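Please treat every number below as a calculation from the coordinates, not as lab data. The shown structure was predicted, so the numbers you read here are calculated from the model rather than taken from an experiment. Ideal geometry is used to build each Cβ from the backbone, glycine not excepted, and the neighbour counts take in all protein chains shown.
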Amino acid sequence: MRRIAENYRVFDVAATHWTNLLNTIPHFFSERGVLYLRYQSSEITQAFHSLQGIRPDLTGPFSTPITVVQQLQQREDVDAVIMVEEGLVVYLLAKIQAAFKPEMDILQYIELAQEGLKEELGRRFHVWPEEFWGKSTFSLFERVQTLLDALPPNIVFVLGIFEENQIWASLILLRVDGQIRLITSTKILEPFEFEIKEWQTDYRSLLKAVKEKLAEPTMGFFTDDETFRFLLRSDTPLAFIAQARKTGQIIIDPVPSRIRSRI
Amino acid sequence: MEPISIADEVSSRVVQPLLKIEGNTIRVEGAQLPLYSGSIDYWQIPLENWSKVLDRIIGLGFRIISTAVPWNVHEVASDLFDFGTTDKQRDIEGFLTLCRQKGLYVTVRPGPCVNAELNYYGFPKRVLYDPEIQAVSAYGTKVIIPATPTPFPMPSYASEKFYDEVSKFFDAICPIFARHLTPAGPIIGVQIDNELPLLFMNGPFSADYSSHALRWYHEFLASKYPSIGALNRAYRTRYATFTDIEPPRALATTEREAIPRYLDWMEFQEYYVGLALSVLASLLWSRGIRGVITFHNTRSTFPSLPLNISKTEKELDLQGAGLYLKMPRYDELRRGALYLSTVSRLPFLAEGGMGTWPWGPSLTKSEQQFALVVALMHGIRGFNTHMLVNRNRWIGSPISESAAIDDQQYTFLKRFLTILGNLQLHTLQRNVPVILLRNFEYERLHALCKNNNWLTDLIDIPSELLLTNRTFSYTETIQKAYPALWNAFYWGLTSSKIPFGIGDTDMDRPALSQYQALFLPTFDFMSEDLQKKIVEYVVRGGTAIIGPEVPYLGSDMRGCTILSDSAKLQAPSSRRPLVGLHDPFTLKKDDVRVGNRVAGSMKAHGKGTFIYLGITLPPTLSRDDAVDAENVVSQSLKHLKLAPVGDVQNPSVDEVYWGTRSPQVIFLLNPTNEPQSVSVKVAQRNLLRDGWTGEQLPQRGPQEIALNAYDFRIFEVVR
């Protein structure tokens, strides 16, 4: 099912809020580097080290893909080895283009690619260590998809992130029947001026303003910028949220029943 | 209406006189107008705010606006159009009239592709799902554009039915445009389509294999080769007719003899883009849209093939570029500006990004301002602020739909336009004695050997991994060696501070002859025409710096030694030792040495000079590792006695001096994330006035100027 309505709107988004939000998306930087290998039959035909560039010395025959990725990860002391068979990506692209359906949204289309690639994991596409896959841009989409699927299908969601009692980033999201219809920010509330002395209590006036101007919020998520960054980098986000709620670093108010049971 | 014949449409269009472009301006109603404009999409701005918003634009100092006129906004049912009769929001005629009343000129963007963050990029969905219209991939599938929110199948721009459909929209909209062309109305330009090379985004064999495109392919081959016999000679085949030829669907060769067929397939994609634009321009022309500037846009600042500016500017007046780059990608921006300002009729950013689409690069306001200044610094002379006015699915414009302003962006733009006006930057030239050429023959080979696409980007697979390392029996892997040497030349020239432009091998000989020296990486093959062009350039007095091979094959991979025969150039038997760090590299006449690590030669030919560099340089990825490259570049240009411009003591700072006899405007820019200082060279009697603040520096003559990270200064030289 689509997650983004065809007629979705994005307006009155405060540019700085949006930039701040996008810039919090964690991009994995590998300190030891990642080794990428291309292979055909049982021969590595190209090797590229993310910090050192092309490594012609690593090309040549190998026994099995799993053995070679494991050996090279250890020997080259890299964070991960990713090995892809020649022609796989072109094959995958053809496959998903053939499977595309007009009613799909972009997230569904990306899901097609994800499914195709997962089918190839361990066959024509190898990642070692396996958990490294969780750091890819691809898996970032999976997180977005998971997050959206966890939210109730009908929701007025308000996100407020604060930096020293200033709104550092905001997002107001309206979802109907599982599809995002509107993305906006506190800019839509103007000329409403939001005075914050303590965001932990004053966030309520923000919820009130959203109710008056737009619709009654059904979920609010408020935190500070530092906690938000930690949350995005956490491997166990639900546990992190539960802990941060206890210390008041994250406030969820109102809490939809569907969410309450999870946190 | 009778079916459109594409051939008839194109041949009936008389090439428009380019009277409207003069220097770096447009002559409109007797005035010379710099091409500074801003985007506003009337159909998304509440009708009641049109006037207020336009007043805000005028308040900034703009005289021109640009507006998309999307097909799927105006087509309310199949072949039924509304231009304001049922919904005033679609009243394009009213909008144009209002612009005229307010003294604004307009460039319109009727597509057929406009993007504008619209569903289906402005195409009606019914058109995209017509099987007769769809582009086809090498595997016989549709070519899906991964757009947000809804991906869609790309149309084939070779489909006659596609143009039949476009014609219906143009039949409806063009009478309105025609009534509002300058001088009767405000329209001075038309952007034709948007980012057309998107069709080829998925690699060399991504598109278009529809039957319509194959007809174009065969026409292209027939136009390139005088006979099927000539093609068979090049391809080593025995085709009876051009229509027998099947296009390649994958790179299935390791032999260089097969390469001509593949290179033709890559060149065909450039032909495809050019022809599609030409047909669209003809459709507009035949409907009365004449005497205005026509242009196209590509998203990239430094466009890669199949976007070939020489080809698109044969069909249209201008080929614009986009500008959405963060500060650390400064050099991509600089290359784009240097390239456009060399090859384009009027170097123009059709999308000078202010704000962004929601899923685009998260540029800060400072980054957007920085990019615009950099573009103008390096030679861009026209820009369209995109979007000047916010709309649905766009974030961060200087003006909102309700005419509220973003203080920081609005103030910057207002000041910037004032400065450009005060400095008259569009009238200034500079001396550029050297040109670095992009060799399109090798860039086609490079594009052919790439296999990255939007999916590989998503999986984070680096494009370097997917570049094939087949040598095709050439002396080395050209698709890797060419960009490496080109980059070395680029960084060497940058560090030398000798002003240079970036051009390409499609430039004609007279255009090349404006430069005293050209740098051109050359490998085993080079077309006969290009070899002749370079020889002619040298005969007439130019210095051509070539290497590391002297081409011995033509583009058909048969013997072609025009260049080596003319110049008596020969590669040394033991060639191309690596020039080590700080090795002396001094070229003397006829010098070709290997033992003492100089492998080059300098030969007088006609009135000019050939310099053959039989060397490989170490990887040069930035100005920090350009020591050897700079050494080679400086030695190669030594006989021309070209003076560097600016402070050679600090190669990290970029300086551009505008003004041919003496500097009139000086740009200084620190592209690093560390503070820098630079000595500005001006005559003892001259003063510097800060273009931004208007303050005059207290001392006359040379000045030491400090720059913070990613900082820039613009100075006017006051005599």
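Once each part is reduced to its C-alpha centroid, what is the distance from the range B:626-649 to the range B:429-469 in angstrom?
26
I need the Kirkwood Rh of the range B:63-201: take the reciprocal of the average 1/r across all distinct C-alpha pairs and report it in angstrom.
Answer for the range B:63-201: a Kirkwood hydrodynamic radius of 15.8 Å.
Please list, by residue number, every one of the chymotrypsin sites (Phe, Trp or Tyr not before Pro) in the range B:348-437 that is coil in DSSP and has at most 16 other beta-carbon atoms within 10 Å.
Filter output for the range B:348-437: B:W359.
Please pull out the direction-averaged projected area of the protein assembly as shown, using the convex hull of its alpha-carbon atoms, in nm² to one decimal place.
41.3
Could you tell me whether the range B:654-718 comes out rounded, prolate or oblate from its Cα gyration tensor? Rule is a ≥ b ≥ c as square roots of the eigenvalues, rounded for a/c under 1.5, then prolate if a/b exceeds b/c, otherwise oblate.
prolate
Roughly what % of DSSP beta bridges within chain B run antiparallel, to the nearest 5?
Percent antiparallel among DSSP bridges in chain B is about 45.
Compute the separation of the alpha-carbon centres of the range B:370-421 and the range B:519-534 and state it in Å as a whole number.
42
What lysines sit close enough to A:K101 to cross-link, taking a C-alpha to C-alpha distance under 16 Å and skipping anything fewer than 8 places away on the same chain?
B:K125, B:K142
Given Cα pairs under 8 Å that are at least 6 residues apart, what percent is the relative contact order of the range B:6-427?
Dividing the mean separation by the residue count of the range B:6-427 yields 19 percent.
What is the distance, in nm, between label points placed 7 Å from the Cα along the Cα-to-Cβ direction at A:K197 and at B:R689?
For the pair A:K197/B:R689, the computed spacing is 5.2 nm.
Would you work out the Kirkwood radius for the range B:434-640? I mean one over the mean of 1/r across all pairs of different Cα atoms, in Å.
Kirkwood hydrodynamic radius for the range B:434-640: 17.3 Å.
Within 10 Å, count the other beta carbons around each residue, average over each peptide in B:502-515, B:35-48, and list them highest first.
Per-residue mean Cβ counts within 10 Å order the peptides as B:35-48, B:502-515.
Which loop GluC sites (Glu not before Pro) in the range A:123-214, with loop taken from DSSP, have no more than 10 other Cβ atoms within 10 angstrom of their Cβ?
Those satisfying the criteria are A:E164, A:E193, A:E195, A:E198.
Please state, to two decimals, what the Cα-based radius of gyration of the range B:371-413 comes to when divided by 2.2 N^0.38 Å (N = residues).
1.29
Once you have a ≥ b ≥ c as the square roots of the Cα gyration tensor eigenvalues for chain B, tell me rounded if a/c is under 1.5, and otherwise prolate or oblate according to whether a/b is larger than b/c.
Oblate, since a/c reaches 1.5 and b/c is not below a/b.
Please state the shape class of the range A:34-135: rounded when a/c is under 1.5, otherwise prolate if a/b exceeds b/c and oblate if not, all from the C-alpha gyration tensor.
Here the range A:34-135 falls in the prolate category.
Could you tell me the relative contact order of the range B:654-718? Use alpha-carbon pairs under 8 Å, at least six residues apart, and round to a whole percent.
41
Count neighbours as other Cβ atoms within 10 Å of each site's Cβ, and list the GluC sites (Glu not before Pro) in the range B:259-330 that are DSSP loop with at most 12 such neighbours.
none
Counting DSSP beta bridges in the range B:99-256, what percent are antiparallel, to the nearest 5?
Roughly 45 percent of the DSSP beta bridges within the range B:99-256 come out antiparallel.
Among B:W454, A:W133, B:W491, what is the fewest-to-most ranking by other Cβ atoms within 10 Å?
Lowest count first: B:W454, A:W133, B:W491.
Helix-only mean residue ellipticity at 222 nm, the protein assembly as shown, DSSP H runs n ≥ 4 weighted -39,500 (n - 2.57), per residue, nearest 500. What is it?
-10000 deg cm²/dmol
Out of every Cα pair in the range B:432-545, what percent are spaced more than 18 Å from each other?
For the range B:432-545, the fraction of Cα-Cα distances above 18 Å is 56 percent.
Averaged across the residues of A:1-8, what count of C-beta atoms belonging to other chains lies within 10 Å of each residue's C-beta?
Shielding by partners across A:1-8 averages 3.
Compute the orientation-averaged projected area for the range B:212-275 from the convex hull of its Cα atoms and round it to one decimal in nm².
4.2
Looking at chain A, identify the longest residue range that excludes and avoids all trypsin sites (Lys or Arg not before Pro) in DSSP loops having at most 14 other Cβ atoms within 10 Å.
For trypsin sites (Lys or Arg not before Pro) (loop position, at most 14 other Cβ atoms within 10 Å), the longest site-free span of chain A is A:33-122.
Grab the other residues whose beta carbon is less than 11 angstrom from that of B:T620, score K and R as +1, D and E as -1, and report the net.
-3
So what are the three principal axis dimensions of chain A from its Cα atoms, in whole Å, longest to shortest?
So the three principal-axis extents are 67, 41, 34 Å.
So in the range A:112-258, what percent of DSSP beta bridges are antiparallel if you round to the nearest 5?
70
Can you tell me the relative contact order of chain B? Whole percent, Cα pairs under 8 Å, sequence separation 6 or more.
10
Cα to Cα, under 18 Å, and not fewer than 8 places away if on the same chain: which lysines meet these conditions relative to B:K568?
Partners within reach: B:K532, B:K533, B:K588, B:K589, B:K603, B:K607.
Anything in chain B that counts as a DSSP H helix reaching 30 Å or more along its axis (C-alpha) with Kyte-Doolittle mean of at least -0.5? List them, would you?
Once both thresholds are applied, what remains is B:259-285.
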